[in-house]
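Everything on this sheet refers to the single structure shown next.
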Amino acid sequence: MGLALAAGEVAPTIAAPARRRVPFGGAIQAEHFDVDPEYRKAFLTYCDLIMPMNELKFDLLRPSPDVFSFEPADRIVDFALSHGKGSRGHCFLWWGGTPDWVKAITDPKRLEAVLIEHIETVADHYAGRLTSWDVVNEVIANDPPQEGALRDTHWLRVLGPRHIPLAFLTAAKADPKARLVINDYDLEYVGPRCDARRATMLAMVRQLKDAGVPVHAVGMQGHLYADLQIDHDAIAAFGAALKAIDVGLIVSELDIIDWHIEGGPAEQDAAAGKAVNALLDAVFAGQQPEAVIAWGLTDRYSWVGGAMPRPDGTPVRPLPLDEHYRRKAWFGPLLDRLKHGR
Ligand code: G3I
């Protein structure tokens with residue numbers, strides 16, 4: 001990625017220097033990347049950073065203990081870097097991407113060895129090409145007031161909370177220059193559940209930092225429910241609190257969930273633009289984000305329609321480009337805000 005770093009220096013931000021003050025990134029899917037030239041072209045046209053959406057997840061990367069399927073992610077990372085773009089890794093540990101063979105391991109010593117071996121092998125493979133990783137993804141309980149601080153995952157059940165610092169310390173040892181991120185969702189809205197999730201994240205990051213664990217940034221996923229209210233003041237305070245302890249903030253998986261927006265494309269896109277602007281207003285009020293990364297670029301390929309379809313059956317419109325690669329009205333203003341860093 002061209003970031004010449006001195007020995008011991010951690011990448012100062014997650015993306016290569018870009019033509020924008022705040023790099024715009026996109027998560028790309030190998031199955032479409034391999035066959036759709038217009039898809040590839042869209043990422044080159046708009047993105048400063050291009051990252052594998054799924055290909056570095058434990059389940060896809062390591063279907064069995066002795067198999068590391070690096071090829072799909074390598075194609076994407078090489079494509080990004082060969083075109084002067086940045087790239088980043090998602091993710092070492094995630095409850096949603098843990099293969100069955102790992103879930104079958106209940107011996108703590110064995111699972112710890114698997115965790116260390118996996119992170120060491122993968123971080124080493126991409127050292128110098130990926131300068132940022134989502135080390136752990138979605139470790140906070142979905143609803144902390146009801147469930148306690150941490151999500152009930154296989155890693156937590158077998159290893160306890162220590163699996164989180166262990167993952168970060170292992171990643172830092174394997175790739176000392178990588179910028180290490182803790183990534184999670186539903187940090188964006190008004191309400192006691194999101195208040196609790198933000199507070200839990202902040203407390204965890206502070207605790208890790210106080211213990212000397214290298215956490216460099218928080219990923220705020222930004223899967224925006226267009227019918228929910230962005231909590232401007234809370235996000236601004238959250239970003240400022242992270243900045244105060246030298247921790248960055250990334251909007252890491254931006255897309256719009258418009259299943260409860262009535263009307264058609266015009267209403268959906270208007271709601272999307274409003275939500276994106278409200279999020280950026282709040283994030284910039286706390287600190288300048290290190291990057292804003294969309295979770296895909298085109299409505300033609302998005303997880304949203306399958307997971308949260310519109311009740312009337314009309315197509316969802318989650319991403320900056322429609323299914324024909326035409327820009328949504330809100331995409332230009334988004335890129336302009338990132339160009340000027342405000
Ligand atoms: O690659 C296999 C293919 O070989 C197989 O034939 C096919 C059918 O089973 O599955 C393919 O894997 C799919 C993968 O996407 C790649 O397309 C998985 O089944 C499918 O579950 C997976 O969905 C992804 C999901 O995470 C689970 O990993 C979505 O595309 C992706 O957008 C979504 O992203 C997550 C973030 O990682 C974390 N934050 C939430 C976000 C949305 O759920």
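Some notes on this structure:
- Annotation note: Cβ proximity below 7 Å between a residue of segment 87-103 that is over 16 Å from residue 70 (Cα atoms) and a residue that is of a type in the set (Ser, Thr, Tyr) and more than 11 Å from the ligand (Cβ to nearest atom) (sequence gap 6+ or interchain) occurs for 95/153; 101/64.
- Some residue of segment 234-243 being assigned to a strand (DSSP E or B) and either buried (at least 22 other Cβ atoms within 10 Å of the Cβ) or at positive phi (or both): no
- You will find that of 240, 236, 294, 272, the residue that is touching a residue at least 12 places away in the same chain (Cβ under 8 Å), in contact with an Asp or Glu (Cβ under 7 Å, 6 or more places away or on another chain), of a type outside the set (S, T, N, Q) and more than 16 Å from the ligand (Cβ to nearest atom) is 272 and no other.
- In segment 116-148, residue nearest to the chain's Cα centre (by Cα) [restricted to those that are within 16 Å of the ligand (Cβ to nearest atom) and either in a loop (DSSP other than H, G, I, E, B) or among the charged types (D, E, K, R) (or both)]: 134
- Scanning segment 46-61 for residues that are assigned to a helix (DSSP H, G or I) and within 30 Å of residue 337 (Cα to Cα) yields one hit, 46.
- In summary, residue 72 fulfils each of the numbered conditions (1) touching a strand residue (DSSP E or B) at 6+ places or on another chain (Cβ under 9 Å); (2) farther than 30 Å from residue 332 by Cα; (3) away from the ligand (no atom under 16 Å from the Cβ); (4) of a type outside the set (S, T, N, Q) with the single exception of condition (3).
- Residue within segment 76-86 that is of a type outside the set (Val, Ile, Thr), within 11 Å of the ligand (Cβ to nearest atom) and either part of a helix (DSSP H, G or I) or modelled with pLDDT of 95 or more (or both) present: no
- One residue from 122, 114 being more than 19 Å from residue 213 (Cα to Cα), touching a residue at least 60 places away in the same chain (Cβ under 8 Å) and of a type in the set (Val, Ile, Thr): 122
The values are calculated or read from the model by the stated rules, or taken from the named source; none is laboratory data. Fair warning: this is a prediction, and the values are worked out from it, not measured in the lab. Note: ideal-geometry Cβ built from the backbone for every residue, glycine included; neighbour counts use all protein chains shown.
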